[in-house]
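The structure appears below as structure tokens.
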Amino acid sequence: MAGELKHGTLALVEEETKMLFVGVGDEDDTSNKAALNQIISHNGTPIVIGTAALTDWASGHGLRTVTIPETVPELQNILNIIPMQIAAYRIAVNIGINPDKPRNLAKSVTVK
């Protein structure tokens with residue numbers, strides 16, 4: 001996430017913009033922390049999803065966090081996606097979209 005932030009996303013951050021910041025992967029905590037500081041300096045409100053090293057730092061700076069447990073590298077991405085799936089589900093329900101009845105699917109995929 002930290003590398004992609006500079007390619008347009010940061011320009012969208014305004015006062016109280018809510019962002020899900022996923023700080024997992026191969027990047028070191030230094031680049032993730034720098035990216036979070038950029039979001040904060042633009043008055044954004046990041047919600048940090050990451051392993052304990054990053055979320056402990058973010059909590060210390062008053063940010064909301066979701067900590068993902070660390071595991072072996074081969075399984076880490078499976079754990080990383082679970083909070084995102086839960087967030088997508090809850091956002092859909094909150095805005096009135098039924099995630100069990102997706103719109104605009106081809107008939108070959110639609111279940112009656």
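Odds and ends about this structure:
- Counting only residues that are at pLDDT 75 or above, under 15 Å from the mean Cα position of the chain (by Cα) and not in a helix (DSSP H, G or I), region 14-47 holds 11 of them.
- Breaking point among (1) surrounded by fewer than 17 Cβ atoms within 10 Å (Cβ to Cβ); (2) within 20 Å of Thr9 (Cα to Cα), for Glu74: (2)
- Test set (1) among the aliphatic types (A, V, I, L, M); (2) surrounded by 13 or more Cβ atoms within 10 Å (Cβ to Cβ); (3) within 13 Å of the chain's Cα centre (by Cα) - Ile91 fails condition number: (2)
- Those residues of region 43-53 which are surrounded by 13 or more Cβ atoms within 10 Å (Cβ to Cβ) and either closer than 19 Å to Val13 by Cβ or among the charged types (D, E, K, R) (or both), in sequence order: Gly44, Thr45, Pro46, Ile47, Val48, Ile49, Gly50
- Answer residue from region 67-80, given it is closer than 10 Å to Val24 by Cα and in a helix (DSSP H, G or I) and is nearest to the chain's Cα centre (by Cα) among those: Asn80
- Applying the criterion of being of a type in the set (A, V, I, L, M, F, W, C), exposed (fewer than 11 other Cβ atoms within 10 Å of the Cβ) and over 19 Å from Thr45 (Cβ atoms) to the residues of region 94-112, the residue that is modelled with the highest pLDDT is Leu105.
The values are calculated or read from the model by the stated rules, or taken from the named source; none is laboratory data. Predicted model, so just to flag it, every value in this text is computed and none were measured. Here the Cβ is made from the backbone with ideal geometry for all residues, glycine too, and neighbour counts use every protein chain on show.
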